[in-house]
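Enquirer: Just passing along the structure, written as structure tokens.
The values are calculated or read from the model by the stated rules, or taken from the named source; none is laboratory data. All values reported here derive from a predicted model rather than from experimental measurement. Here Cβ is always computed from backbone atoms with ideal geometry, including for glycine, and neighbour counts include all displayed protein chains. Quick note on the areas: whole protein, heavy atoms, side chains included, nothing else; ligands and nucleic acids left out. Shrake-Rupley method; radii C 1.70, N 1.55, O 1.52, S 1.80 Å.
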Amino acid sequence: MKIATYNVNGVNGRLEVLLRWLDEANPDVVVLQEMKAPDAKFPAKAIEAAGYGAVWHGQKSWNGVAILARGLEPHLTRKGLPGEPEDEQSRFIEAIVDGVVIGGLYLPNGNPYPGPKFDYKLRWFQRLHDYAAELLELEVPVVLVGDYNVIPTELDVYKPERWTDDALFRTEVRDAFRNLVAQGWTDALREMHPGKRIYTFWDYFRNAYGRDAGLRLDHFLLSPDLAERLKKAEVDKHVRGWERTSDHAPVWIELSDKQIKRRKRNEK
């Protein structure tokens with residue numbers, strides 16, 4: 001199974017880019033963020049024509065998340081995180097695809113720091129932390145994937161000293177991410193590329209992509225049984241260089257077939 005995440009930065013404005021990448025990469029599951037479209041404006045027909053079933057949780061002008069599945073209809077299980085009923089921002093969606101629980105998320109940016117947006121980010125993170133613990137207790141295959149708006153370590157940013165007071169890199173935010181992972185999740189991209197400077201986002205300004213002045217903001221957190229099946233984790237960096245593209249690049253993982261791995265262990 002090949003699962004991908006892509007902050008499209010406007011699903012309708014960059015639909016041609018998305019469809020081009022889907023045709024090239026052929027992922028089984030795709031989690032989208034920052035669709036910037038209400039539910040009625042989601043390009044369902046174009047996505048279906050590309051061979052994907054979809055569920056989505058849209059919002060006018062900003063936010064918005066979706067889960068696509070090649071040749072399948074994702075089974076929607078949740079829209080929004082528990083813990084703050086008055087929160088109307090479209091930042092979390094969950095569905096089951098081929099026996100795997102896919103939690104797609106778009107964590108708040110939180111800038112400027114300090115301020116109410118940063119406070120909201122920390123509250124949202126705590127809600128994610130609490131819900132993630134519940135998912136682990138179910139002992140089912142789960143991936144929590146999307147744009148976390150978190151730079152986990154200095155290795156994940158081109159010039160750490162410039163980001164000290166940014167909400168993406170504040171100590172409180174990095175601690176929240178570290179505490180989340182410590183529940184028992186595996187950071188897939190870092191697991192496959194320990195010690196490597198690898199980015200998923202390059203700003204539109206100051207030729208950031210050309211200078212490779214990037215950030216790692218898009219993450220896959222895998223439950224223990226999925227971590228055992230992890231084969232690859234990569235960034236389709238070249239997509240960031242396309243015309244009219246998002247400032248994020250698609251990120252993807254590949255999981256082996258669970259039954260095959262079990263059979264191989266039994267043969268030993």
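Enquirer: Quote to one decimal, in nm, the extra length available between residue 238 and residue 50 on full extension: 0.36 nm per residue of separation minus the C-alpha distance between them. Mind dumping the intermediate values first?
Expert: Working: separation 188, 0.36 × 188 = 67.68 nm, distance 2.11 nm.
Full extension of this stretch gives 65.6 nm more.
Enquirer: Want the number for residue 61 to residue 136: 0.36 nm per residue separation, take away the alpha-carbon distance, what's left?
Expert: Numbers: separation 75, 0.36 × 75 = 27.00 nm, distance 3.35 nm.
Extra length from residue 61 to residue 136 when fully extended: 23.7 nm.
Enquirer: May I ask you to list the aspartates and glutamates whose Cα is less than 17 Å away from that of residue 196, ignoring any residue fewer than eight positions away on the same chain?
Expert: 154, 156, 187, 212, 218, 234, 236
Enquirer: Here's something else I'd like to know. Which of the GluC sites (Glu not before Pro) found in region 65-138 are in a DSSP loop and have at most 15 neighbouring Cβ atoms, other than their own, within 10 Å?
Expert: Values: sites: 86, 88, 94, 134, 137; in loops: 86, 88.
Hits after loop and neighbour filter: 86, 88.
Enquirer: While we're here: For region 29-104, which chymotrypsin sites (Phe, Trp or Tyr not before Pro) are in a loop by DSSP, counting at most 14 other Cβ atoms within 10 Å?
Expert: Passing sites in region 29-104 are 62.
Enquirer: Starting from the Cα of residue 231, step 7 Å toward the Cβ, then list every residue of region 102-119 with an amide N under 20 Å from that point.
Expert: 102
Enquirer: Can you give me the Cα centroid spacing of region 169-200 and region 12-84 in angstrom?
Expert: Region 169-200 and region 12-84 have Cα centres spaced 25 Å from each other.
Enquirer: Shifting gears a bit: Where only protein heavy atoms count, and the probe is 1.4 Å, what is the accessible area per residue for region 1-156 in Å²? Could the numbers behind the result be given before it?
Expert: Values: 6620 Å² over 156 residues.
With the other protein chains kept in place, region 1-156 gives 42 Å² per residue.
Enquirer: Subtract the Cα-Cα distance of residue 88 and residue 191 from 0.36 nm times their separation in residues, and report this length gain in nm to one decimal.
Expert: Numbers: separation 103, 0.36 × 103 = 37.08 nm, distance 3.39 nm.
Separation in residues times 0.36 nm, less the Cα-Cα distance, equals 33.7 nm.
Enquirer: Let me ask something additional. Hey, with R₀ at 22 Å, roughly what FRET efficiency would residue 257 and residue 182 work out to, going by the Cβ-Cβ distance, to 0.05?
Expert: So, using R0 = 22 Å, E works out to roughly 0.15.
Enquirer: Counting pairwise Cα distances across region 60-160, what percent come out greater than 24 angstrom?
Expert: On the way: 1456 of 5050 pairs.
Considering region 60-160, 29 percent of its Cα-Cα pairs are separated by more than 24 Å.
Enquirer: In debye, nearest 20, what is the charge dipole magnitude of the chain about its Cα centre with +1 on Lys and Arg Cβ and -1 on Asp and Glu Cβ, if you could check? Each step should come with its number before you reach the end.
Expert: Details: 39 positive and 41 negative charges, 137 e Å.
It comes to approximately 660 debye.
Enquirer: Now, a different point. Which of [x] 37, 24, 16; [y] 31, 24, 15; [z] 25, 22, 20 is the computed semi-axes √(5λ) of the Cα gyration tensor in Å for the structure on display?
Expert: Computed from these coordinates, semi-axes √(5λ) of the Cα gyration tensor in Å corresponds to label [z].
Enquirer: For q = 0.10, 0.17, 0.19 Å⁻¹, what log10 I(q)/I(0) does region 91-242 give under the Debye formula with an equal point scatterer on each alpha carbon and no solvent?
Expert: At q = 0.10, 0.17, 0.19 Å⁻¹ the computed log10 ratios are -0.36, -1.03, -1.26.
Enquirer: Roll a 1.4 angstrom probe over the protein heavy atoms and tell me the percent of accessible area of the chain that is carbon or sulfur. Please report the intermediate quantities before stating the final value.
Expert: Numbers: 5990 of 12420 Å².
Here it works out to 48 percent.
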